[in-house]
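Following: one structure in structure tokens, then a few remarks.
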Amino acid sequence: MKFLHKQYQAKKKEIIEVELDRAAKVKFMTAMDFKQYKNGRSHKFYGGTFEESPVRFVLPHDAVWYAVVEKGTSADPQDVTASTRLMLPNRAVISSMAADAPQHVRLAQNEERSMIGEGTEENG
């Protein structure tokens, strides 16, 4: 399988942003899992298939992190172009939701989004 990747030495709550030119599977993983991934072994990751860009991932802990963009499968290769950047923490930014995210993940993120809006009122 072909893929694009970028490594970051990053801290908790920093944000990795990925810009895509088309829908693609984006995975965020630590260095240990990236090694497993490269060797075709079982690995853990955050992310999934994203149909919209940009994709943002708020890092859950300090580590060496990889942003991986898969270029389709062996049977169906895709020509994907992507760019990435590491952003400073921002309380208003939450991780993007993958199109193929399980229902329990969707519910948890909807709850997180509703909590962000609480108690933020402008005087005018």
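So that you can scan it fast, the table gives a plain yes or no per residue for (1) closer than 16 Å to Ser95 by Cβ; (2) buried (at least 17 other Cβ atoms within 10 Å of the Cβ):
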{"position": "Gln9", "(1), (2)": "no, no"}
{"position": "Glu14", "(1), (2)": "yes, yes"}
{"position": "Val18", "(1), (2)": "yes, yes"}
{"position": "Arg22", "(1), (2)": "no, no"}
{"position": "Lys27", "(1), (2)": "yes, yes"}
{"position": "Asp33", "(1), (2)": "no, yes"}
{"position": "Gly47", "(1), (2)": "yes, yes"}
{"position": "Glu51", "(1), (2)": "yes, no"}
{"position": "Asp62", "(1), (2)": "no, no"}
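Determine which single condition Gly40 fails, assuming it passes every other condition in (1) within 17 Å of Met97 (Cβ to Cβ); (2) of a type in the set (Gly, Ala, Ser); (3) more than 15 Å from the chain's Cα centre (by Cα).
Against the list (1) within 17 Å of Met97 (Cβ to Cβ); (2) of a type in the set (Gly, Ala, Ser); (3) more than 15 Å from the chain's Cα centre (by Cα), Gly40 comes up short only on (1).
Among Val69, Val80, which is closer than 14 Å to Arg22 by Cα, at pLDDT 95 or above and surrounded by 12 or more Cβ atoms within 10 Å (Cβ to Cβ)?
Working: Val80 fails: at pLDDT 95 or above.
Exactly one of Val69, Val80 is closer than 14 Å to Arg22 by Cα, at pLDDT 95 or above and surrounded by 12 or more Cβ atoms within 10 Å (Cβ to Cβ), namely Val69.
Residue pairs, Cβ under 8 Å, 6 or more apart or interchain, first in segment 79-91 and part of a loop (DSSP other than H, G, I, E, B), second surrounded by fewer than 13 Cβ atoms within 10 Å (Cβ to Cβ) and small (Gly, Ala, Ser). List them.
Partner pairs satisfying both residue conditions: none exist.
The values are calculated or read from the model by the stated rules, or taken from the named source; none is laboratory data. Keep in mind that this is a model prediction, so the values were computed, not measured. In this analysis, Cβ positions are derived from the backbone assuming ideal geometry, glycine residues included, and neighbour counts consider all displayed protein chains.
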